[in-house]
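Working notes, beginning with the structure itself.
The values are calculated or read from the model by the stated rules, or taken from the named source; none is laboratory data. Not measured: the values here are computed from a predicted model. Cβ coordinates were reconstructed from backbone atoms using ideal geometry, including for glycine residues, and neighbour counts include every protein chain displayed. Surface areas here come from the heavy atoms of the whole protein model, side chains and all, with no ligands, DNA or RNA. Shrake-Rupley method; radii C 1.70, N 1.55, O 1.52, S 1.80 Å.
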Amino acid sequence: MIKKILKWTGIILLILIIGVTIVTASRQHLKYDAAYPNIHASKDTAIIAKGKHFVYGLAHCTECHSTVNADSLISLGKEVPLSGGLAFNLPVGTIYSKNITPDKETGIGDLTDQEIARVLRFGVHANGEAVYDFMPFHNMSDEDLTAVISYLRTIQPVKNKVPGNKLNLIGNAVKAYMVKPVGPSGDVPASIKADTTASYGKYLVLSVGNCAGCHTKRDLSGAYLAPLLSGGTPMGGGLIPPNLTNTPEGRIYTWTEQQFIDRFHKGKLFAESEMPWNSFKHMNDDELKAIYEFLKTVPAAKTPDVADK
Ligand code: HEC
Ligand code: HEC
């Protein structure tokens, strides 16, 4: 009797495993629909300059869309090519940043402005697949998205074929059941006034700089597990993105605005730090003032215990 039950349990388990494997495999290239934003690259030099300021500054595209060891070049102020190929070794496998130079074969030269805008705003690749949510630009205003894409259109094409993403079994399961396109949280503004207010700072922190992405504890799929900006999990070199909320435990609680600005202009102090300091140091004082003003308004939150995942 026991033997029979064991035999049947084994058969049922096997069928289940085969079933899950087949379904998982069939869900590796799911296609999604999303609107094409009405974005058209401009040739206006002021707009292109604004895009460049974001790409090499707060939006730090260059830190991810360059090859390894670009950091020291970035710290010297060199404009490293955005030819992609940086490998992110994650629990789900290896994800590679893409070549975003205008090369037609290996870059994004063949994509329309609207296809590029859709990747950044709605998280859907030109081929309809979901984008891994590395980039927090979903709520970027039409004007700023236009500026960034306008700049991308002006850079030198670089031929560099980036390898396809290599997922492990966990990665296949995460892709099949958890990865969905991430889009804007509401109506995206046509333009946002750049000033030194907390409201502009909030936009910079959440929709351009991705400060919350690192400074908040998250799960494998990227969902937030703790109050926004209350501190992240250990990263390269064991360094922990500190709590930035308005609490005595918060790292900048006692900092004056000028100390905050000076800290950013210094750039990276710990070589292993994953914070893109060398891009952020290109921010201007008004952007830094706005960010400081916003951080001072973030409700106090306890730093999560990094041990209990
Ligand atoms: C934190 C790292 C990171 C930052 C910062 C970043 N990217 Fe990306 N980007 C990636 C990764 C990784 C992918 C590939 C995602 C995937 O495979 O689904 C990607 C994909 C893309 C794609 C899709 C290309 C294609 O062929 O489909 C575009 C376009 C893009 N990024 C543009 C940008 C721009 C513009 C910026 C700055 C405004 C930027 N990225 C900032 C990591 C980053
Ligand atoms: C890719 C991850 C990442 C991103 C994005 C990021 N940080 Fe950090 N941050 C870290 C890590 C790791 C540390 C701790 C190591 C260090 O100080 O460099 C840190 C440290 C800090 C510190 C403390 C510095 C000190 O000297 O005590 C401040 C302030 C800070 N981050 C603010 C920000 C702000 C504001 C943004 C967005 C504009 C941001 N961070 C984006 C990872 C990140």
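Results for (1) surrounded by 12 or more Cβ atoms within 10 Å (Cβ to Cβ); (2) more than 16 Å from Lys180 (Cα to Cα); (3) not acidic (Asp, Glu), shown as yes or no for each residue.
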site	(1), (2), (3)
Gly19	no, yes, yes
Arg27	yes, no, yes
Asp33	no, no, no
Pro37	yes, yes, yes
His40	yes, yes, yes
Thr62	yes, yes, yes
For this session: Please indicate, with yes or no, whether at least one residue in segment 163-175 is over 26 Å from Ser207 (Cβ atoms), outside any loop (DSSP other than H, G, I, E, B) and open to solvent by less than 20 Å² (accessible area, probe 1.4 Å).
Result: yes
Exercise. In segment 222-240, what residues are part of a loop (DSSP other than H, G, I, E, B), near ligand 2 (Cβ under 10 Å from one of its atoms) and out of contact with any strand residue (DSSP E or B) (no Cβ under 9 Å at 6 or more places or on another chain)?
Worked result: Pro234, Met235, Leu239
For this session: Please work out which one of (1) open to solvent by 20 Å² or more (accessible area, probe 1.4 Å); (2) part of a helix (DSSP H, G or I); (3) over 19 Å from Tyr56 (Cβ atoms) is the condition Phe264 fails and give its number.
Result: (3)
Problem set entry | Yes/no for Ala271 being away from ligand 2 (no atom under 11 Å from the Cβ) and either buried (at least 19 other Cβ atoms within 10 Å of the Cβ) or among the aliphatic types (A, V, I, L, M) (or both) | no
Problem set entry | Residue list for segment 199-221, filter: outside any helix (DSSP H, G or I) and either within 14 Å of ligand 1 (Cβ to nearest atom) or of a type outside the set (Val, Ile, Thr) (or both) | Gly209, Asn210, His215, Lys217, Arg218, Asp219, Leu220, Ser221
For this session: Tell me, yes or no, whether segment 230-239 has at least one residue that is farther than 30 Å from Gly171 by Cα, touching a Phe, Trp or Tyr at 6+ places or on another chain (Cβ under 8 Å) and among the small types (Gly, Ala, Ser).
Result: no
Seminar exercise, completed: Val148 vs (1) touching a Ser or Thr at 6+ places or on another chain (Cβ under 6 Å); (2) under 23 Å from Thr101 (Cβ atoms); (3) not polar (S, T, N, Q): all pass except (1)
For this session: Look through Pro157, Pro136 and report the one residue that is assigned to a loop (DSSP other than H, G, I, E, B) and either within 16 Å of ligand 2 (Cβ to nearest atom) or out of contact with any Asp or Glu (no Cβ under 7 Å at 6 or more places or on another chain) (or both).
Result: Pro136
Exercise. Ala87 is checked against (1) closer than 20 Å to Asn168 by Cβ; (2) among the small types (Gly, Ala, Ser); (3) more than 20 Å from the chain's Cα centre (by Cα); (4) within 16 Å of ligand 2 (Cβ to nearest atom) and fails just one. What number does that condition carry?
Worked result: (3)
Exercise. Looking at segment 237-257, is at least one residue crowded, with 16+ Cβ neighbours inside 10 Å, within 16 Å of ligand 1 (Cβ to nearest atom) and within 19 Å of the chain's Cα centre (by Cα)?
Worked result: yes
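Let's see how each residue does on (1) surrounded by 14 or more Cβ atoms within 10 Å (Cβ to Cβ); (2) within 23 Å of Ala130 (Cβ to Cβ); (3) polar (S, T, N, Q):
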| residue | (1), (2), (3) |
| --- | --- |
| Val179 | yes, yes, no |
| Val182 | yes, yes, no |
| Ser185 | no, yes, yes |
| Pro189 | yes, no, no |
| Ala194 | yes, no, no |
For this session: Report those helices (runs of 4 or more DSSP H) wholly inside segment 9-119 carrying at least 3 residues which are out of contact with any helix residue (DSSP H, G or I) (no Cβ under 7 Å at 6 or more places or on another chain).
Result: 45-56
